[in-house]
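First comes the structure, then the notes that go with it.
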Amino acid sequence: MKRTNWFKDAVIYQIYPRSFKDSNHDGFGDIQGIISKLDYLKELGINCVWLSPIYDSPQEDNGYDISNYRDIYKPFGTLEDAKQLINELHKRGIRLVMDLVVNHTSSEHKWFQSVIKDNNSPYKDYYIIRKGKNNGKKPPNNWSGFFGEGAWEKLPGSEDEYYLHLFAKGQPDLNWENPKLRSEIKDMLKFWLDLGVDGFRCDVITLISKKQDFKSRFPKIALTGKDAYVNGPRLHEYLHELYKDVYVNYDTMTVGETVLSTLKQARLLVEPEREELDMVFNFDHTDIDNYFGVKYFYRKFSLRRLKKCVNHWQKGLYQRGWNSLFIENHDQRRSVGRFGTVEEDINSSKCLATTYFLLQGTPFIYQGQEIGMTNAHFSSIEETRDVELANISKVIEKIPFFRRGMKNVALDVSRDNARTPMCWDDSEYAGFSDVEPWIRVNPNKDQINVEKSLKEENSLFHFYQKLIKFRKEEPLVKEGEFHLLSKGSPHIFAYERIGEEEKLVIVSNFSNKERKYKKLKKWDYDDLVFSNYEENSYVHLKPFETRVYKIKK
């Protein structure tokens, strides 16, 4: 089958299954619940769904700890339900991208369980297992992981061996050095592609190759050892192997979650002639409101930093690769109240949406983003369910200097802010379920829900609908060259998308005050094709006003 670049015309909607829609009255979202809402997604205008993990799992990390790659977590449904979902999506012209989690498995996977039961198990080399120091009294080295803990755990039943886990203890890292493991992964990919899946979002894919010296590193503020396990020495070899042995035979797409990767590293992953990945998620823009790339070290948002970051990636991948565009996902807090927006003004969300949606790349919308769902405003750690936050809170407790302020920051940036149930209506459990959900419903469900958004002509939902339609119909959004216009302004984000005969000009005021922008004089009212206000001033932008001009060169 010939591979195409269909992903360049995609608008992708991310579904977090346990929080989308409950169909069987147990407080958990499920596959049949998703199927029941496909017409809603079609109405929005999306043409691809990214589905967070639905595989069988003990759910230590909400499905990113997989115990069986070829079966479904029972509360979500069955393999037959998954097949039905694929068919129902395709009937509506919507493709499906699955989450691919192959840096690690669950400790309950049959491979790891075999290792625990038998020290001579053929699966022992599927994992990274090393002898500890001082006759097993200390871990093999001082590496730390992403959830605030050391990266090694004593192998159950062993006196001196440890296994590597860069995430939770129940997520042992796989040993990609083993060709038998890579063969297993390729067979699993073919299994899903043959069922009709259209692509994969590759979870923490830049971690799959590790330096094999396993030496201790100089302690860091966070992630000691990352130089040994991020963008490792055989990463490109492994990704190209997956491409030539699997992906080349399907009309599929891959997008990699490339944590801690620079633009230079990302180019190597997405340059088409290298045959590795089609897109990457970079997280530079999500780090502009923190220090050192650590979200718990909060700093005030700066529009100048955002523009610098966007310019860097738009220029850097132009005609060399392809960007992914996102402002929310299951690992990020909500965009409302972030990136210069405010909860009290829907125009700020429309301003942000326009600004990111018309860049070059494939836009992603996270469930609830299209209606303006906000952070959950948790009042205590006990209200949350996130294993990352639970581990980080233990670290905070041990450091008196951090304890007071960091607790509130941790709640504000918790991943659970984006994981509360989808608000379909203003009923007790927001139309997500008729019983108490696995995590509490956002208290502002009465004001922010799908039912209300569909009824209101000027809602954020209808604005996204128009944005999607405009993007699909305007070739300049796909192909035009990016040029930043407002580098120095602390309030205005303006840029051009330039084609051979025409150009788009996108101008947004990231301020709750009216702002003068002299360059508005250059463009005629007749060229204005999109705005979140019905009336527009000649030289002033209203609070959080966004405009799009289409101009003949």
Which residue pairs have Cβ atoms under 6 Å apart, sit 6 or more places apart or on different chains, and have a first residue in the stretch 439-462 that is more than 16 Å from Glu343 (Cα to Cα) and a second that is hydrophobic (A, V, I, L, M, F, W, C) and crowded, with 16+ Cβ neighbours inside 10 Å? Val441/Ala430; Val450/Ile371; Val450/Trp424
Out of all the residues in the stretch 262-276, is one or more modelled with pLDDT of 95 or more, outside any helix (DSSP H, G or I) and touching a His at 6+ places or on another chain (Cβ under 9 Å)? yes
From the residues in the stretch 224-239 that are of a type in the set (A, V, I, L, M, F, W, C) and within 18 Å of Glu276 (Cβ to Cβ), which one is surrounded by the fewest Cβ atoms within 10 Å (Cβ to Cβ)? Val230
Criterion first (outside the structural domain of Ile288 (by TED's automatic domain parsing), out of contact with any helix residue (DSSP H, G or I) (no Cβ under 9 Å at 6 or more places or on another chain) and β-branched (Val, Ile, Thr)) does Val395 satisfy it? no
Considering residues that are buried (at least 16 other Cβ atoms within 10 Å of the Cβ), touching an Asp or Glu at 6+ places or on another chain (Cβ under 6 Å) and of a type in the set (D, E, K, R), the number found within the stretch 137-188 is 1
For Asp412, indicate whether it is of a type in the set (Asp, Glu) and touching an Asp or Glu at 6+ places or on another chain (Cβ under 8 Å). no
Among the residues that make up the stretch 359-369, is at least one of them touching a residue at least 12 places away in the same chain (Cβ under 8 Å), hydrophobic (A, V, I, L, M, F, W, C) and surrounded by fewer than 22 Cβ atoms within 10 Å (Cβ to Cβ)? yes
For the stretch 316-336, does any single residue satisfy the condition of being surrounded by fewer than 22 Cβ atoms within 10 Å (Cβ to Cβ), among the aliphatic types (A, V, I, L, M), farther than 30 Å from Glu275 by Cα and without any contact (Cβ under 8 Å) to a residue 40 or more places away in the chain? no
Pairs returned, first residue in the stretch 514-527 that is within 18 Å of Lys552 (Cβ to Cβ), second residue that is modelled with pLDDT under 90, beta-carbon separation under 8 angstrom, 6 or more apart or interchain, are Leu520/Ser537; Leu520/Tyr538; Leu520/Val539; Lys521/Tyr538; Lys521/Val539; Tyr525/Asn536
Can you name the residue in the stretch 447-500 that is assigned to a loop (DSSP other than H, G, I, E, B), of a type in the set (D, E, K, R) and not assigned by TED's automatic domain parsing to the domain that holds Ser511 and is also surrounded by the most Cβ atoms within 10 Å (Cβ to Cβ) among such residues? Glu474
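The values are calculated or read from the model by the stated rules, or taken from the named source; none is laboratory data. Just so it is clear, the model here is predicted, and its values are computed rather than measured. Heads up, the Cβs are rebuilt from the backbone with ideal geometry, glycines too, and the neighbour counts pull from every protein chain shown.
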